[in-house]
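Scroll down for the structure; my scribbles are underneath it.
The values are calculated or read from the model by the stated rules, or taken from the named source; none is laboratory data. No experiment lies behind these values; they were computed from the predicted model shown. We place every Cβ from the backbone using ideal geometry, glycine too, and count neighbours over all the protein chains shown.
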Amino acid sequence: MNQSQICTPLGRSHMPSGFEVSLDRYIGRPVIGAGFSEGERRIPADFGPLQPMRGFEPTYRNIIDYIVRITYRIWEDRDVEYIGETYSSQSKVYDDYGLQLGNQKIIADTHHTTGAFSNIRLIADDVVWAGNDEIGYHTSHRTIIRGTNDGDSKYGPATGRDVDVLVIANCVSLDNVIFLEHVLYNNSALLLQLGHDLDDMADKMAKSSPAGWPRDGQTWSDLRSAASPEKPLFRLEPVDGFDVDRFARETMSSIWNDRSQEAYRSAYASDFQYHGPTERSFEGSAAHRDLVASLRRAFPDLELQVDEVYWMGNPGEGYMTSERWSATGTHKGSGIYGEPTGARVQIWGITQHRIIEGKIVCEWMLFNELDLMMQIAAARM
């Protein structure tokens, strides 16, 4: 097993053309979006349909089975040391705070979290995947973390409060190990649920400088380019008809960079559902426009780029997509993050879309909001 892998960008042939291998089929019922109730779990007795998994442990029948079961084993069976077998010793994990190198840091952090939430549960909400066992499987794993804060955490003493937090982890795995991951926890929502003030916590954390934070220019460049194709697929491999790659990239660019109102009418269903950071959930485009406008007011020169897109599906059944994106901007405007500081900030996120008949009907999105607030807090020091 080669512990140091080079990530091969995906092509169109790597995108699954249906949902035969999907969380929906794996658990035998439709995925319902923002979370599962207690009884709606999770791992089928036969472990789902068979898929080529050369180099993976024989127990795993497909990439959904692999992602769901290693997560369950590590977090709920408390086999934390299994991370040493499923994450490369030279793995690169990009998170809110920067770059975490190697699996030992992941093991230590996981022990700390399970100590802070002794009844923690990680419930798979959906997995978007592409690739194969030759170049690596790319997975965008949307998870709900639930538990009670009955132990001390990095945010302070135990609060006794229950949490329900969204996570999206984009991983690349080959030969039974994950060697690249971009992961975002809804940390701002977590802090609110624990009873903390976000501004105060951002200030405290900026002063304490967590490991890897602030990220340097090289780490930021690598975060953006890792797993990204040389050019967008709609340019490298153009196709006739509806192009998921073009649709995803142009929709995000139109809304965030061009501030296009027409993009909402052409790309979003009128009653689309949104689930985002810091407990933002709503229906319809008006609230989404308000969110974009609030960030554009705070960062009037914000420029977003889509770093990676992959998807599964077809015109008849629709598509599930994963878009990883990043942006830079200057904190020149007042509003959502207080009075302007002039801070030059780094923002990155992961978005998943459910697309039916060429329209987005549901969007899940996380970005590094706590880290963003820390960057602004540091500029005030």
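Things worth noting here:
- Residue check, residue 70 of a type in the set (Val, Ile, Thr) and at pLDDT 95 or above: yes
- Count of residues meeting criterion [modelled with pLDDT under 95 and of a type outside the set (Val, Ile, Thr)] in region 335-371: 1
- Filter result for the condition that a residue is surrounded by fewer than 20 Cβ atoms within 10 Å (Cβ to Cβ), not acidic (Asp, Glu) and not assigned by TED's automatic domain parsing to the domain that holds residue 100, over 156, 217, 160: 217
- Single residue of region 155-179 satisfying the filter (in a loop (DSSP other than H, G, I, E, B) and over 26 Å from residue 364 (Cβ atoms)) that is nearest to the chain's Cα centre (by Cα): 176
- Tally of residues being touching a residue at least 60 places away in the same chain (Cβ under 8 Å) and either surrounded by fewer than 22 Cβ atoms within 10 Å (Cβ to Cβ) or more than 27 Å from residue 218 (Cα to Cα) (or both) across region 96-130: 13
- Selection within region 46-91 - assigned to a helix (DSSP H, G or I) and β-branched (Val, Ile, Thr): 63, 64, 67, 68, 70, 71, 74, 80, 83, 86
- Candidate set from region 324-342 (those that are in a strand (DSSP E or B) and of a type in the set (Val, Ile, Thr)); member that is farthest from residue 199 (Cα to Cα): 328
- If you go through region 87-115 and keep only what is over 18 Å from residue 73 (Cα atoms) and not charged (D, E, K, R), you end up with 89, 90, 91, 93, 94, 97, 98, 99, 100, 101, 102.
- Filter result for the condition that a residue is in contact with a helix residue (DSSP H, G or I) (Cβ under 6 Å, 6 or more places away or on another chain), more than 23 Å from residue 6 (Cβ to Cβ) and surrounded by fewer than 19 Cβ atoms within 10 Å (Cβ to Cβ), over 72, 82: 82
- Among the residues of region 186-193, not a single one is modelled with pLDDT of 95 or more and in a strand (DSSP E or B).
- Number of positions in region 266-290 that are in contact (Cβ under 8 Å) with a residue 12 or more places away in the chain and either farther than 19 Å from residue 346 by Cβ or assigned to a strand (DSSP E or B) (or both): 17
- Residue among 191, 166 that is in the same structural domain as residue 84 (by TED's automatic domain parsing), touching a helix residue (DSSP H, G or I) at 6+ places or on another chain (Cβ under 9 Å) and farther than 21 Å from residue 324 by Cβ: 191
- Residues that are in a loop (DSSP other than H, G, I, E, B), modelled with pLDDT under 95 and among the hydroxyl-bearing types (Ser, Thr, Tyr) do occur in region 28-37, at least one of them.
- A count restricted to region 343-381 and to residues that are charged (D, E, K, R), assigned to a strand (DSSP E or B) and without any contact (Cβ under 8 Å) to a residue 60 or more places away in the chain stands at 2.
- Pairing residues of region 183-207 that are touching a residue at least 12 places away in the same chain (Cβ under 8 Å) with residues that are of a type in the set (S, T, N, Q) and surrounded by fewer than 21 Cβ atoms within 10 Å (Cβ to Cβ), at Cβ distances under 6 Å and at least 6 apart in sequence or on separate chains, gives 188/278; 189/278; 194/159; 195/159.
- Of the residues in region 315-323, at least one is surrounded by 15 or more Cβ atoms within 10 Å (Cβ to Cβ), small (Gly, Ala, Ser) and either in a loop (DSSP other than H, G, I, E, B) or at pLDDT 95 or above (or both).
- Qualifying residue in region 238-249 (condition: assigned to a helix (DSSP H, G or I), without any contact (Cβ under 8 Å) to a residue 12 or more places away in the chain, in the same structural domain as residue 314 (by TED's automatic domain parsing) and among the acidic types (Asp, Glu)): no
- Filter result for residue 131 (part of a loop (DSSP other than H, G, I, E, B), of a type outside the set (A, V, I, L, M, F, W, C) and either at pLDDT 95 or above or touching a Leu at 6+ places or on another chain (Cβ under 8 Å) (or both)): no
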